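J.: A single structure is presented below for examination.
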Amino acid sequence: MTRISKNIETRAKLMGKMMDRCDVDIQHLARERLGLTFASAIRSCRLCSNAASCEVWLAATAGEPAHTPPAFCPNAGVFEAMSQALKDDGGTRRPETNDASL
């Protein structure tokens, strides 16, 4: 596997875990602005320089209830808005996780 493809795979997994931890519905995010919000979030995660901080935060919050995204996350605002939208829509949780959804 090339270095670039490994980086993309790693970032996709981190983003999926972050969305799970922050209670983001990937389907809702994918529909937002005809997918443009999701595409922008993917790009932001791919270019983020905080992967190590992300891994530490995810490990530290494992098994805990949904969290507000950490301030270092470039997608914090998007994830927080999507989490709030899920709560506003009745709080129904999707059956699958977001891991490796990208």
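J.: Within the range 68-83, which residues are touching a residue at least 12 places away in the same chain (Cβ under 8 Å) and surrounded by fewer than 16 Cβ atoms within 10 Å (Cβ to Cβ)? Walk me through it before giving the result.
T.: Filtering the range 68-83 down to residues touching a residue at least 12 places away in the same chain (Cβ under 8 Å) leaves 68-70, 72-75, 78-80, 82-83.
Once the filter is applied, which keeps residues that are touching a residue at least 12 places away in the same chain (Cβ under 8 Å) and surrounded by fewer than 16 Cβ atoms within 10 Å (Cβ to Cβ), the range 68-83 yields 68, 72.
J.: What are the residues in the range 46-69 that are under 15 Å from the mean Cα position of the chain (by Cα) and of a type in the set (D, E, K, R), if any?
T.: Answer for the range 46-69, where residues must be under 15 Å from the mean Cα position of the chain (by Cα) and of a type in the set (D, E, K, R): 46, 55.
J.: Given the criteria surrounded by fewer than 14 Cβ atoms within 10 Å (Cβ to Cβ), at pLDDT below 95 and over 12 Å from the mean Cα position of the chain (by Cα), does residue 94 qualify?
T.: No; evaluated as a whole, the condition is false for this residue.
J.: Another question about this same structure. Assuming residue 26 fulfils every condition listed in (1) crowded, with 16+ Cβ neighbours inside 10 Å; (2) modelled with pLDDT of 95 or more; (3) in contact with a helix residue (DSSP H, G or I) (Cβ under 8 Å, 6 or more places away or on another chain) apart from one, which condition is it?
T.: (2)
J.: Pick from the range 10-45 the residues that are touching a residue at least 40 places away in the same chain (Cβ under 8 Å) and over 23 Å from residue 89 (Cα atoms): which of them is farthest from the chain's Cα centre (by Cα)?
T.: 10
The values are calculated or read from the model by the stated rules, or taken from the named source; none is laboratory data. If you're wondering where the values come from, they're calculated on a predicted model, not measured in any experiment. Cβ: placed from backbone, ideal geometry, glycine included. Neighbour counts: every protein chain shown.
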